[in-house]
Amino acid sequence: MITFEHLSHRFGDRPVLSDITCRLAEQRIGIIGANGSGKSTFVRMINGLATPTEGRVLVDDLDPARHGREVRRRVSFLFSDPDAQIIMPTVGEDIAFSLRRHKLTADQLDQRTAAILDTVGLSGYVEHPAHLLSSGQKQLLAVATVLVTEPDILIADEPTTLLDLRHTRAICELFATLTQQLVVVTHDLNVVADFERVLVIDEGRIVADGDPGECIDFYRRSMGVR
Amino acid sequence: MAIPANALTSIVARWEFADGNPLMGAAMIGVYRPGASILHRLPAGVKLLGLLVFTTAVLIWRSPITVAIGLFVVAVGYLSAGYSPRVLLAQVWPLRWIVILLVPFQWWLGGWRSAVAIVGTLILAVAAAGLVSLTTRIVDLLAVLDRVLSPLRRVGVDPERISLLIALSIRVVPVMLELVDTVREARRARGAERSLRAFATPVVVRTVGYSQRLGDALIARGIDD
Ligand SMILES: Nc1ncnc2c1ncn2[C@@H]1O[C@H](COP(=O)(O)OP(=O)(O)O)[C@@H](O)[C@H]1O
Ligand SMILES: [Mg+2]
């Protein structure tokens with residue numbers, strides 16, 4: 001459960017989020033809105049990558065501004081650019097990096113790695129150099145590195161922006177199988193069309209909230225697209 | 001775990017020598033390549049110790065004969081690990097400018113023997129280090145490093161941070177090379193090949209952007225845990 005309580009944020013004297021109060025309890029929630037409307041800032045609040053200038057956000061009663069580590073252990077974050085998320089030279093080593101605090105034996109580590117790579121469709125790539133993967137495969141690896149720690153909540157900020165249609169579909173199909181809570185920022189309206197709830201953000205405010213079909217329609221109309 | 005070793009090697013090799021330009025190989029310096037040779041199976045600590053002994057030995061007995069023997073040892077090492085002479089060349093290729101500058105200088109200063117000894121030792125050290133990193137997974141290297149550095153804990157240094165820093169540096173090289181390539185292409189496409197500003201500005205901007213994203217990702221992946 002994620003709760004925003006009168007949350008506002010400004011960069012310098014420029015307001016980016018204005019008095020946002022909402023409660024995110026649905027399993028899959030989409031966030032849409034124009035470039036620069038504040039979507040990234042909104043979701044970055046949830047795992048403490050950004051700290052509000054006023055108000056607060058709570059994740060299961062924990063404030064990420066105060067309990068960053070505990071919150072980040074429950075909340076994983078997926079970015080658009082997989083190149084910035086992959087740290088180790090090979091696929092297997094990058095998964096191992098995510099699990100470095102889990103005190104696993106070599107066998108357990110191999111098993112977890114194999115299982116998660118199988119889930120994202122990268123089995124057989126354990127020893128592959130990570131930077132030689134295609135961008136679609138890199139993003140699948142990035143998904144694997146965040147899912148392998150078994151978070152309660154997964155936030156994704158434009159996870160498919162750099163991907164081709166096939167890999168976009170692969171990511172969506174993967175999302176559909178997840179049991180954790182999912183908050184996805186996207187410009188690809190198809191990605192969130194079958195979610196339980198969609199928020200439309202404009203100039204730092206939630207201007208529409210609810211049924212995906214209606215919210216997507218509202219957003220299209222407000223952008224002058226029919 | 002089964003991996004298509006041949007397919008993999010061929011992908012890497014193709015990428016490495018794209019356009020027949022061995023310079024491209026520079027991006028692959030020290031990137032682990034899976035294999036089943038004795039060198040691959042040797043514990044990382046043993047290889048690092050061997051590297052230390054080898055480098056010290058060629059440094060102490062610096063001479064053309066030592067260089068010849070060292071070269072033989074290194075070449076046998078590469079061949080036994082299943083690498084072609086091209087892989088060896090790619091490891092030392094980044095040294096070419098230093099070599100071109102150093103050889104005449106050392107020759108003039110101390111004669112050809114000194115030139116061969118000094119430049120040869122340098123090449124040997126890099127080639128041997130390259131062989132170790134080609135046959136050893138980074139995690140294994142880091143594990144050894146964690147152990148070797150663990151006494152530092154007592155003075156308040158976290159060895160895991162140091163090894164992470166090393167892993168990050170290794171990671172950043174290919175990313176930066178790709179970034180520089182992209183900018184160079186964009187510059188060419190816009191007909192500004194010779195403008196330094198048209199090169200430096202986007203490289204700096206993108207590097208800053210990349211490091212911000214990398215920083216975010218590190219925090220999100222629990223770097224401060
Ligand atoms: N670190 C920052 N410093 C200053 N301004 C920022 C920063 N990050 C974002 N902004 C500004 O805040 C606004 C909202 O940004 P963002 O949340 O990234 O929007 P979105 O993700 O919807 O495109 C934009 O106008 C952007 O320029
Ligand atoms: Mg954004």
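Sorted largest first by accessible area at a 1.4 angstrom probe radius, with every protein chain in place, the residues A:ASP19, A:ASP63 fall in the order A:ASP19, A:ASP63.
B:ILE223 contributes about 40 Å² of solvent-accessible surface, heavy atoms of the protein only, 1.4 Å probe.
Determine, from the Cβ-Cβ distance of A:LEU178 and B:VAL204 and an R0 of 30 Å, the FRET efficiency 1/(1 + (r/R0)^6), rounded to the nearest 0.05. Plugging the Cβ-Cβ distance into 1/(1 + (r/R0)^6) gives 0.20. DSSP beta bridges fully contained in chain A are about 50 percent antiparallel. Charged side chains reduced to their Cβ positions (Lys and Arg at +1, Asp and Glu at -1) give segment A:53-141 a dipole of some 300 debye around its Cα centre. Using a probe of 1.4 Å, the accessible surface attributed to A:GLU54 totals some 100 Å² when neighbouring protein chains are kept in position. In segment A:113-129, what residues drop by 20 Å² or more of accessible area when the other protein chains are put back, versus the chain on its own? Use 1.4 Å, and skip ligands and nucleic acids. Those residues are A:GLY124, A:VAL126, A:GLU127, A:HIS128, A:PRO129.
Of the whole protein surface, A:ASP211 contributes about 80 Å² of accessible area at a 1.4 Å probe radius. In this structure, B:VAL172 and A:ASP164 have a Cβ-Cβ separation that, at R0 = 30 Å, corresponds to a calculated FRET efficiency of about 0.70. Working note: Karplus 6.51/-1.76/1.60 with θ = phi - 60° gives segment A:73-87 the couplings 6, 9, 10, 9, 10, 10, 9, 6, 9, x, 4, 7, 9, 8, 10 Hz, where Gly and Pro are set to x. Quick note on segment A:1-118: its Rg to Rh ratio, both from C-alpha atoms and Rh being the Kirkwood radius, is 1.05. Run the accessible area of segment A:74-226 with a 1.4 Å probe and give the carbon-and-sulfur part as a rounded percent. Answer for segment A:74-226: carbon and sulfur cover 47 percent of the accessible area. Inter-label distance, B:VAL155 to B:SER63: 3.8 nm, where each label sits 7 Å from its Cα along the C-beta direction. Work out, step by step, the length gained on full extension between A:MET1 and A:ARG205: first 0.36 nm times the residue separation, then minus their alpha carbon distance; give nm to one decimal. So the extension gain works out to 71.4 nm. Of A:GLU5, A:GLU158, A:GLU173, the order by accessible heavy-atom surface (1.4 Å probe, DNA, RNA and ligands excluded), from most exposed downward, is A:GLU173, A:GLU5, A:GLU158. These residues, A:THR41, A:THR105, go from largest to smallest accessible area, 1.4 Å probe, as A:THR105, A:THR41. A simple spin-label model places the labels of A:SER222 and B:ARG184 4.6 nm from each other, with each point 7 Å out along Cα-to-Cβ. A dipole drawn for the protein assembly as shown from +1 and -1 charges on Cβ atoms has a positive end, and of A:VAL225, A:LEU140, B:PHE72 the residue lying farthest that way is B:PHE72. I'd like the orientation of helix A:212-222 relative to chain A: the angle between its Cα long axis and the longest Cα principal axis, in ° from 0 to 90, rounded to 10. Around 60 degrees separate the two axes.
For a modelled paramagnetic label at A:ALA34, 7 Å from Cα along Cα-to-Cβ, no residue of segment A:152-169 is in reach, as no backbone nitrogen comes under 11 Å.
At an R0 of 51 angstrom, the distance between the Cβ atoms of A:ARG66 and A:ALA106 translates into a FRET efficiency of 0.90. The lysines within cross-link reach of A:LYS103, meaning a Cα-to-Cα straight distance under 27 Å and a gap of 8 or more places when in the same chain, are A:LYS138, B:LYS47.
The values are calculated or read from the model by the stated rules, or taken from the named source; none is laboratory data. Predicted, not measured: the structure shown is a model, and the values here were computed from it. Cβ sites come from the backbone with ideal geometry, for glycine too, and all protein chains shown count toward neighbours. Protein only, heavy atoms only, side chains kept; ligands, DNA and RNA dropped before computing areas. Shrake-Rupley method; radii C 1.70, N 1.55, O 1.52, S 1.80 Å.
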